[in-house]
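To keep things clear, I will list the structure first and then write my remarks on it.
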């Protein structure tokens, strides 16, 4: 071996290597000191900075949506409740591969392409980091299926939620309304912070009008999450404040009777307490099941409702425009009395028709062979059209309009349900500005019997009737009776809202009109004499038959041959007891034919129900 | 203190334990240091691995096997090792070439050779073979080596390092190159050669950039600015720094580190296990850990200093210093001082192969120390 021949200086060699070892050891020491310095910078000097980052990593603030307030009728019967369900939800920002996740979930839960498209649309519209519901109301089996596959879907979870439920289904569909998914339009109106975690918002009816009160205050939960965004444990929380319970003036029994009374007719019934303005019943037919809307209505269900010729989604009590017909006559009569155009005993001869001076167009009375000589009382009791043609002609449209304006015709009643229509009480001014046409005297005549341009909603008519019943005391109709912040506290009654009392000078004038309306329900020749029969008190009422379809000169209205859609609307207004009114009812039965035959008996059923209850108590 | 224990004849029991260990060629101090480190490692692994006992027992089995290797090597005379140095190196080289041709891929790199029964990583063999060969080659002639031999030394280092870098496994290539270069440095070559070598290496950096893989370049870029890609390649280092920094002076406590326990920290039981220690035990904890590493390496350097041949001196020195390079690169990497090159924290990170070679190295150290001819006693 070659090594043998080389002289090795062991002492020198070991000194050489040992020097280098010492050098290397010192160098390593320096490097380790550098590491320690680096660690000290990170862990001492920048500690706070990284501590914040670490907390941000793991601590997530989850909103705790408040429990929506329940809605009760006046007897404490639940009209809208919250029932626990499980829903499958995702937070788009926490999902790694959104497209894959959605398509895999679609397979797992057999979602249709449209469902997926809808979810994708929602994801685009939503604010960041908000839950998007993939599927409402999971069955237990579906929950189990997802739980087994949960690891595959970071950012997706089964969430236990309370979902709105309307136990009486269609009965309160329009007035109580329903909640639905918060859409883009809602988002611009709500306080984003308070609605974090809330998925649904009042869309129609009381649910919409009292949204702020029902919704409550959002709470927060600080939770520790892992890298997939799953909650590991709760750190602390601030409880949400539940929405207030809302008590309505509506009475479920009356509501039921109203719905049954209308039967197969499309139409509306509104009943209220004229003293408090409390709306006791508010029914629009046909109706629909509001529960369909809660979880997001399917396209198919929605198109059935939307495209139905009977328009079930349309709230006739608030938006249905009906000519008031003869039910306007008590108000016209009062105008005549108050403005001194007629007196209690002023008589007019009714030959069955009326002509304007110098014209030969005949304005017909509903009774073709005429009522003969009628005074004011009989003109209302028998609903003589000629009397009111004459009266309106003398009053003139603008004085009539001014007077009807006091009763809120052509204006919103201000009831606490959204999207009320204004109706229309015509004037020459209105015709000029809206239609750019002059007012014809003939139009004044038919306005006098509540036809022509006149349009009123059932709620408006009920409001006007209640002012009439209360002899000018103006109490606004109100659906909400009060609210209660929590189960333990007292009911917070909604104050009765009063408008300006009507400036009617003579108390006698009220009495004349009321007496005449009593005659309608109890007089020998009253058009609704069935209504007042067998009651311990007097009922003041007025029938109305509103023309849907204009009948040409010399043509007779033949109900048999007309298509049902063209039949007259049957209307009836009433209050009782006439001298101390507690109950006002307005019935509109679309295409019901005649007010006295169709609408008046429905009103009687309502009166029986209301006073039957009172007697029972 | 070390000397006290060694010479504490007043305590016969301790003395007999050390003597017993000596009989099977184990060094008590080194053994004590290594066992402490392995114990700490298991404790941290329990925390980093989501308290999984299965993970822990697998690691324990590896430790047992690696310790067996240590004891075997400790009982082989250093001269026998020197005799087989060329053979071991040659075999390692052939295996490295084989791995490039027929190796199996794992994590996007060809590092494994399937020998039917076991999967084997030839680069690990080179971690021992390179310093062994260089120490043997350099010690054949008087120190320091003359230039032509120095050139051959560089070739002996460069060939395996480049082959491993090609797999690609930059971390291991770096460790193997430094273990060889350390031998050359210890052999006493003149400072002029060292400085010119450093200058040459610095000027070669742009060339290195050119031949690097995309992912390696990305790592360097990420290292220079981790925030540029917080969800991609910068994620590791950002989360690691958060874990370390949030640990503070005393840490969040064992099993209490949120970065680690909630899985924000990636690779937390392997390359980034140091961040778990830093988060849960704070600056105090990592300071003590680094001291333990220094103590083990210090004992190794002492053994090198006490060695009776240049071969043993160079080999022991290289093994001890490379151990420190390991620690430095890993800690530098997780603290953001160095780019992420995939070097585990020695004897603590989860994983078998590096454990076996590291303990084999310490086995060689013990062999060197316990096979000395007792001239003084």
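For the structure I just gave you, tell me whether residue A:259 is more than 25 Å from residue A:198 (Cβ to Cβ), buried (at least 24 other Cβ atoms within 10 Å of the Cβ) and assigned by TED's automatic domain parsing to the domain that holds residue A:580. No.
When residue A:36 is tested against (1) more than 14 Å from chain B (Cβ to nearest Cβ); (2) touching a helix residue (DSSP H, G or I) at 6+ places or on another chain (Cβ under 7 Å), only condition (1) is not met. If the condition is being modelled with pLDDT of 80 or more and within 14 Å of chain A (Cβ to nearest Cβ), then region B:196-227 contributes only B:198. Is it true that some residue in region A:180-194 is in contact with a helix residue (DSSP H, G or I) (Cβ under 7 Å, 6 or more places away or on another chain), under 22 Å from residue A:316 (Cβ atoms) and modelled with pLDDT of 85 or more? For region A:180-194, residues in contact with a helix residue (DSSP H, G or I) (Cβ under 7 Å, 6 or more places away or on another chain), under 22 Å from residue A:316 (Cβ atoms) and modelled with pLDDT of 85 or more: present. Taking region A:351-372, which residues are more than 16 Å from residue A:523 (Cβ to Cβ) and touching a strand residue (DSSP E or B) at 6+ places or on another chain (Cβ under 6 Å)? Listed by number, the residues that qualify are A:353, A:354, A:362, A:363, A:364, A:365, A:370.
Among the conditions (1) in a loop (DSSP other than H, G, I, E, B); (2) at pLDDT 85 or above; (3) more than 35 Å from the chain's Cα centre (by Cα), the only one that residue A:511 does not satisfy is (1). Of all residues in region B:126-152, those being crowded, with 19+ Cβ neighbours inside 10 Å, within 14 Å of chain A (Cβ to nearest Cβ) and part of a helix (DSSP H, G or I) number 7. Would you confirm whether or not region A:440-458 contains a residue that is buried (at least 18 other Cβ atoms within 10 Å of the Cβ), closer than 16 Å to residue A:278 by Cα, assigned by TED's automatic domain parsing to the domain that holds residue A:359 and in contact with a strand residue (DSSP E or B) (Cβ under 8 Å, 6 or more places away or on another chain)? There is at least one residue in region A:440-458 that is buried (at least 18 other Cβ atoms within 10 Å of the Cβ), closer than 16 Å to residue A:278 by Cα, assigned by TED's automatic domain parsing to the domain that holds residue A:359 and in contact with a strand residue (DSSP E or B) (Cβ under 8 Å, 6 or more places away or on another chain). When we screen A:30, A:91 for residues that are surrounded by fewer than 14 Cβ atoms within 10 Å (Cβ to Cβ) and more than 8 Å from every other protein chain (Cβ to nearest Cβ), the only hit is A:30. If I filter region B:312-347 down to residues being in a loop (DSSP other than H, G, I, E, B) and either at the interface with chain A (Cβ under 9 Å from one of its Cβ atoms) or at positive phi (or both), which single residue comes out as modelled with the lowest pLDDT? In this case the residue turns out to be B:342. Entry remark, region B:240-260: residues being within 8 Å of another protein chain (Cβ to nearest Cβ) and within 17 Å of residue B:49 (Cα to Cα) number 3 in total.
Return yes or no: is residue B:230 surrounded by fewer than 16 Cβ atoms within 10 Å (Cβ to Cβ), within 14 Å of chain A (Cβ to nearest Cβ), modelled with pLDDT under 80 and out of contact with any strand residue (DSSP E or B) (no Cβ under 9 Å at 6 or more places or on another chain)? In short, yes.
Condition check ((1) over 52 Å from the mean Cα position of the chain (by Cα); (2) under 30 Å from residue B:278 (Cα atoms); (3) at the interface with another protein chain (Cβ under 9 Å from one of its Cβ atoms)) across all residues:
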site	(1), (2), (3)
A:40	yes, yes, yes
A:51	no, yes, yes
A:67	no, no, no
A:73	no, no, no
A:77	no, no, no
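Is there a residue in region A:145-152 that is more than 30 Å from residue A:245 (Cα to Cα), surrounded by 17 or more Cβ atoms within 10 Å (Cβ to Cβ) and at pLDDT 80 or above? Taking every residue of region A:145-152 in turn, at least one turns out to be more than 30 Å from residue A:245 (Cα to Cα), surrounded by 17 or more Cβ atoms within 10 Å (Cβ to Cβ) and at pLDDT 80 or above.
The values are calculated or read from the model by the stated rules, or taken from the named source; none is laboratory data. In this text the structure is predicted, and so the values were computed from the model without any measurement. Methodologically, a virtual Cβ is constructed for each residue, glycine included, from the backbone with ideal geometry; neighbour enumeration extends over all protein chains shown.
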